[in-house]
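Structure, as structure tokens:
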Amino acid sequence: MTMNKVEIPEDILAEYENNVNIIEPLRQGLLKVVFDDPDGFLCKVKNSYVCYLRNDDGADRVLHALTSAKDILCVNGYDSPLMKQSRRWINDFRDYNYVYEAKEPLPFTLKEGASIRALSLKDLDYVFNHYPAVQDRIFLKDRIHHGMYGVVVERKLRGFVGTHTEGSVGLLFVEDLVQRMHFGSALEATMINALLAEKIVPFTQVEIHNVPSKRLQESLGLAKGEKPVHWYY
């Protein structure tokens, strides 16, 4: 794994849980810095951008730096009125960061007849057909390549988990047929343990009103950031 040698600004580091979605992907070398100045900090991977704003001048510069209609933006720090008023994106979602700061792998148990395995490209159709939020086979193929896991119940795949391009744990899905069997917890624990084995600090993001997911993160021992980030797309 190639590590990024970029110097992360002190005000970003000072609020670790709030900004883990910038700090850890930079440390992993996933994100490339676009600009760093007194008004803001912008980095990217593919068409996904992550920024830390200090004022609306920083927001204005970010808006000018993004040039494609397909660009997706995550905003940390200053809650910019200018960004909201730009009307550039259709959706504005607010998420809390959650980070697993312990070093020990997470224990979990599975009901009899269930197991968890790594996904392969043979599972692409299943993932595509059961994750309507991302109808992009190229993206999902890339995510499988980077490591996804599925829960198998009586020889049938019934759910999965992976990581997003910018490094967060996600793509979590469990079929209704096997809900309430704690497979979501087992899948996320498996993904966290896989990242720990690679010396990567696991983090995820949860929509601010998603109570079941917030409870899941708390049950797994993840620490919550206090300031939500905005996702614009």
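Selection within the range 90-129: residues that are of a type in the set (Asp, Glu) and at pLDDT 95 or above. The member of this set that is nearest to Glu154 (Cα to Cα) is Asp123. Summed over the range 41-87, residues that are of a type in the set (Lys, Arg) and closer than 22 Å to His164 by Cα total 3. Inside the range 71-82, can you point out the residues that are in contact with a Cys (Cβ under 9 Å, 6 or more places away or on another chain) and of a type in the set (A, V, I, L, M)? Correct list: Leu73, Val75.
Of all residues in the range 90-101, exactly one satisfies the criterion of being surrounded by fewer than 15 Cβ atoms within 10 Å (Cβ to Cβ) and farther than 19 Å from Asn47 by Cα, namely Glu101.
Looking only at residues that are in contact with a helix residue (DSSP H, G or I) (Cβ under 8 Å, 6 or more places away or on another chain) and not β-branched (Val, Ile, Thr) in the range 10-28, which one is farthest from Asp39 (Cα to Cα)? Applying the filter and picking the extreme gives Tyr16. Tell me, please, whether a residue that is of a type outside the set (A, V, I, L, M), touching a strand residue (DSSP E or B) at 6+ places or on another chain (Cβ under 9 Å), surrounded by fewer than 21 Cβ atoms within 10 Å (Cβ to Cβ) and at pLDDT below 95 can be found in the range 169-188. For the range 169-188, residues of a type outside the set (A, V, I, L, M), touching a strand residue (DSSP E or B) at 6+ places or on another chain (Cβ under 9 Å), surrounded by fewer than 21 Cβ atoms within 10 Å (Cβ to Cβ) and at pLDDT below 95: absent. Against the criterion of being under 19 Å from the mean Cα position of the chain (by Cα), among the charged types (D, E, K, R) and not in a loop (DSSP other than H, G, I, E, B), Asp95 qualifies. Filter the range 46-61 down to residues that are surrounded by fewer than 21 Cβ atoms within 10 Å (Cβ to Cβ) and part of a helix (DSSP H, G or I), then give me how many there are. Matching residues across the range 46-61 total 4. Within the option set Arg143, Arg158, Arg180, being among the basic types (Lys, Arg) and in contact with a Phe, Trp or Tyr (Cβ under 8 Å, 6 or more places away or on another chain) holds for one residue only, Arg158. Scanning the range 156-197 for residues that are among the hydroxyl-bearing types (Ser, Thr, Tyr) and under 12 Å from the mean Cα position of the chain (by Cα) turns up Thr163, Thr165, Ser168.
Scanning the range 137-149 for residues that are exposed (fewer than 13 other Cβ atoms within 10 Å of the Cβ) and out of contact with any Leu (no Cβ under 9 Å at 6 or more places or on another chain) yields Ile138, His146.
Of the residues making up the range 1-45, those that are surrounded by 16 or more Cβ atoms within 10 Å (Cβ to Cβ), aliphatic (A, V, I, L, M), touching a residue at least 24 places away in the same chain (Cβ under 8 Å) and assigned to a loop (DSSP other than H, G, I, E, B) are Leu30, Leu31. Within the range 74-89, if we keep just the residues that are part of a strand (DSSP E or B) and touching a helix residue (DSSP H, G or I) at 6+ places or on another chain (Cβ under 7 Å), the residue that is surrounded by the most Cβ atoms within 10 Å (Cβ to Cβ) turns out to be Val75. All of Val152, Val134 fail the test of being in a loop (DSSP other than H, G, I, E, B) and surrounded by 13 or more Cβ atoms within 10 Å (Cβ to Cβ), apart from Val134.
The values are calculated or read from the model by the stated rules, or taken from the named source; none is laboratory data. None of these values were measured; they are calculated from a predicted model. A quick note on method: Cβ atoms are made from the backbone with ideal geometry, for glycine too, and the neighbour counts reach across all protein chains shown.
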